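A.B. asks: Next up is a structure, given as structure tokens.
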Amino acid sequence: MRKAVKILKWGIVLVYFPVMLSFVAVSHRSVVCSDVRVYVKDSAEARFIDAAEIRKLLLDKYPSLLGEPVRSLNFEELENFVKRNSSVRTCEVFNSGSGVLNIELTQYKPIVRVLASNGTFYLDSEGHQIPVSSRFSARVLVANGTIPDDKTELLNVARLIASDPFWEAQFEQLYIRRNNDYVLVPRVGDHLILLGPPEEVEIKLRNLRALYQSGLDPKEWNEYKVINLKFKNQVICSRCKL
């Protein structure tokens with residue numbers, strides 16, 4: 001009797017299991033896109049991207065997206081469309097299984113804002129150009145003056161400053177003179193830092209740090225207008241303006 005019951009149970013399972021698999025497969029094929037949800041994963045760090053705006057652009061481009069069978073959607077095409085936005089660094093599109101289309105984004109992280117003759121923009125550490133935004137202003141170094149077409153040297157200096165919390169907090173502006181001398185403007189104090197040509201900048205900043213930490217009494221800072229780091233292994237404090 002027990003053996004017969006066991007056989008009956010296995011028979012039910014063998015019949016039921018394929019039916020359920022078939023039902024799940026049919027259900028999956030019939031799932032339609034019911035909503036689009038956009039998540040900006042690093043929105044706490046920057047707000048160049050507005051989730052609602054990305055959603056609107058996507059639905060304007062693909063007006064039949066809502067109600068479309070999920071299995072017929074080209075996720076790669078959707079990702080490439082979203083990544084046309086110059087502020088979008090990465091984009092991943094996936095379905096939650098319930099018909100909700102999820103779009104997760106990350107943004108490019110600016111390290112310098114460039115005020116050039118051909119416009120204003122941000123650059124990230126790799127030189128990617130990020131457009132300015134009316135909704136957000138990144139608190140980064142501002143570069144102006146004679147901005148070169150080749151921004152390799154500018155990026156090298158900006159990277160050094162952005163990678164060190166001390167310098168990132170210390171400097172607010174980088175001015176490039178016509179002779180390619182770089183001048184740093186501190187957030188605090190009336191003095192300027194003359195780096196000179198953007199060569200051996202790491203050594204120059206190391207010398208400046210030593211001066212800041214032990215070279216001068218704080219009462220003396222207002223007496224000097226220029227700290228000249230232009231010459232190798234020299235730090236010259238001058239009371240004369242540039």
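The values are calculated or read from the model by the stated rules, or taken from the named source; none is laboratory data. None of the values given here were measured: they were computed from a predicted structure. Cβ atoms come from the backbone with ideal geometry, glycine included; neighbour counts cover every protein chain shown.
A.B. asks: One residue is enough: does the range 47-61 have a residue meeting the conditions loosely packed, with under 10 Cβ neighbours inside 10 Å and either at pLDDT below 95 or not polar (S, T, N, Q) (or both)?
C.D. replies: yes
A.B. asks: Which of the residues spanning the range 62-85 are more than 22 Å from Lys41 (Cβ to Cβ) and exposed (fewer than 12 other Cβ atoms within 10 Å of the Cβ)?
C.D. replies: Pro63, Ser64, Gly67, Arg71, Ser72, Asn74
A.B. asks: Restricting to the range 90-133, count the residues that are without any contact (Cβ under 8 Å) to a residue 60 or more places away in the chain, assigned by TED's automatic domain parsing to the domain that holds Asp149 and among the small types (Gly, Ala, Ser).
C.D. replies: 5
A.B. asks: Here's a follow-up. For the range 174-189, which residues satisfy the criterion of being part of a loop (DSSP other than H, G, I, E, B) and in contact with a helix residue (DSSP H, G or I) (Cβ under 7 Å, 6 or more places away or on another chain)?
C.D. replies: Result: Arg187, Gly189.
A.B. asks: Only one of these is surrounded by 12 or more Cβ atoms within 10 Å (Cβ to Cβ) and within 21 Å of Glu126 (Cα to Cα): Val201, Val235, Val183. Name it. Quick ask: steps written out before the conclusion?
C.D. replies: Values: Val235 fails: within 21 Å of Glu126 (Cα to Cα); Val183 fails: within 21 Å of Glu126 (Cα to Cα).
Among Val201, Val235, Val183, only Val201 is surrounded by 12 or more Cβ atoms within 10 Å (Cβ to Cβ) and within 21 Å of Glu126 (Cα to Cα).
A.B. asks: Report yes if some residue within the range 147-157 is in contact with a Leu (Cβ under 6 Å, 6 or more places away or on another chain) and in contact (Cβ under 8 Å) with a residue 40 or more places away in the chain; otherwise report no.
C.D. replies: Looking through the range 147-157, none of the residues is in contact with a Leu (Cβ under 6 Å, 6 or more places away or on another chain) and in contact (Cβ under 8 Å) with a residue 40 or more places away in the chain.
A.B. asks: Any residue at all in the range 162-177 that's more than 30 Å from Ile49 (Cα to Cα), surrounded by 15 or more Cβ atoms within 10 Å (Cβ to Cβ) and touching a strand residue (DSSP E or B) at 6+ places or on another chain (Cβ under 6 Å)? Before you say what the answer is, go through the steps one by one.
C.D. replies: Pass one, the range 162-177, residues more than 30 Å from Ile49 (Cα to Cα): 176-177.
Among the residues that remain, those that are also surrounded by 15 or more Cβ atoms within 10 Å (Cβ to Cβ) are: 176.
In the following step, the residues that additionally are touching a strand residue (DSSP E or B) at 6+ places or on another chain (Cβ under 6 Å) were identified as 176.
So far as the range 162-177 goes, yes, one or more of its residues are more than 30 Å from Ile49 (Cα to Cα), surrounded by 15 or more Cβ atoms within 10 Å (Cβ to Cβ) and touching a strand residue (DSSP E or B) at 6+ places or on another chain (Cβ under 6 Å).
A.B. asks: Further question on the same structure: Looking only at residues in the range 36-46 that are modelled with pLDDT of 95 or more and among the charged types (D, E, K, R), which one is nearest to the chain's Cα centre (by Cα)?
C.D. replies: The qualifying residue nearest to the chain's Cα centre (by Cα) is Lys41.
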